[in-house]
Amino acid sequence: MNNIRTIFHKELSIYKNTPIGYIFSSFFLLLLSFLFFYGLGGNSFWDLKISSMEQYFMWVPLLFIIFIPAITMRLWSEEEKSGTIEVLLTLPVKDYEIVIGKFLSAWLFLILTLCGTLLTPFTIFLLGSLDPGLIFSGYLGTFLLGGAYISMGMVISSLSRDQISSFMMTLLLCLITFLLGYQPLLQFFGNRAGGYIAFFSLSQHFESFRMGVFDPRDFLFYFSFIALMMVSNVLILRGKK
């Protein structure tokens, strides 16, 4: 447990002491607020005239496609580039402790960034009534979706030797998992095949949370996906040894 805590604090300090984390966090928060309040094609908060955050959470999976690769690209690829991964793997630390520590640091950084959005529901609350259950469900789903994307980004980073390739590959996979739940694309495959394809979409399992519905199957999917990615990451580390 102490090893996980040490790795966690080390990685979190890197996010806090480097400007790129703040740059992407600010970009994410500003773009999310802009899309919600001003929107595209008449779907802004002011156009809909409804005190709801459904549209707000609708933009999250799309923006995660850009934001998540930015915070995971350096987790392993920078270790590879600088040569510190060799030192890290020879320390008396278990592989899974390193993976968990890195994952939790990136996840907490994401959660802290999302805490910067809490001003939005407060503003909406002042303008009209707001369903607290839907807000809680939306944020919970956002945290789980972000954790799933981060775990996948870590696997890609562990297979990359530089941050640029890690960023691009993670972005591509995030986009693919988003498109697997994109309704116009699913309609092309038909109802039955489309249903099977949508099951593997990370964003599709987020929809129930966005609508304020707690489906145990979505919880199970996200936790299973994160566990699978972290086990894969541990196996990759052992292969490097």
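Exactly one residue out of Leu119, Leu180, Leu159 is out of contact with any strand residue (DSSP E or B) (no Cβ under 6 Å at 6 or more places or on another chain), farther than 19 Å from Phe64 by Cβ, of a type in the set (A, V, I, L, M) and at pLDDT below 85: that is Leu119. The set of residues from region 16-25 being buried (at least 18 other Cβ atoms within 10 Å of the Cβ), farther than 13 Å from Phe64 by Cα and at pLDDT 80 or above is empty. Residue count for region 68-87 under the criterion of being exposed (fewer than 15 other Cβ atoms within 10 Å of the Cβ) and closer than 17 Å to Ser13 by Cβ: the result is 2. Residues of region 157-179 that are over 22 Å from Ala198 (Cβ atoms), more than 14 Å from the chain's Cα centre (by Cα) and not charged (D, E, K, R): Ser157, Ser158, Leu159, Ser160, Gln163, Ile164, Ser165, Ser166, Met168, Met169. The selection criterion, being under 20 Å from Arg210 (Cβ atoms), crowded, with 22+ Cβ neighbours inside 10 Å and touching a residue at least 40 places away in the same chain (Cβ under 8 Å), does not hold for Leu175. Select from region 116-155 the residues that are in contact with a Pro (Cβ under 8 Å, 6 or more places away or on another chain) and buried (at least 20 other Cβ atoms within 10 Å of the Cβ) and write down the one among them that is farthest from Asp95 (Cα to Cα). This residue is Ile135.
Per-residue answers, yes or no, for (1) closer than 21 Å to Ser208 by Cα; (2) in contact with a helix residue (DSSP H, G or I) (Cβ under 8 Å, 6 or more places away or on another chain):
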| position | (1), (2) |
| --- | --- |
| Ile100 | no, yes |
| Ile111 | yes, yes |
| Leu114 | yes, yes |
| Leu118 | yes, no |
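Here Phe37, Phe45, Phe57, Phe28 are screened, and the one residue that is surrounded by 18 or more Cβ atoms within 10 Å (Cβ to Cβ), at pLDDT below 80 and out of contact with any Cys (no Cβ under 8 Å at 6 or more places or on another chain) is Phe45.
The values are calculated or read from the model by the stated rules, or taken from the named source; none is laboratory data. The model shown is predicted, which means the values in this text are computed figures rather than measured ones. When we count neighbours, we look across all protein chains shown, and the Cβ atoms used for this are built from the backbone with ideal geometry, even at glycine.
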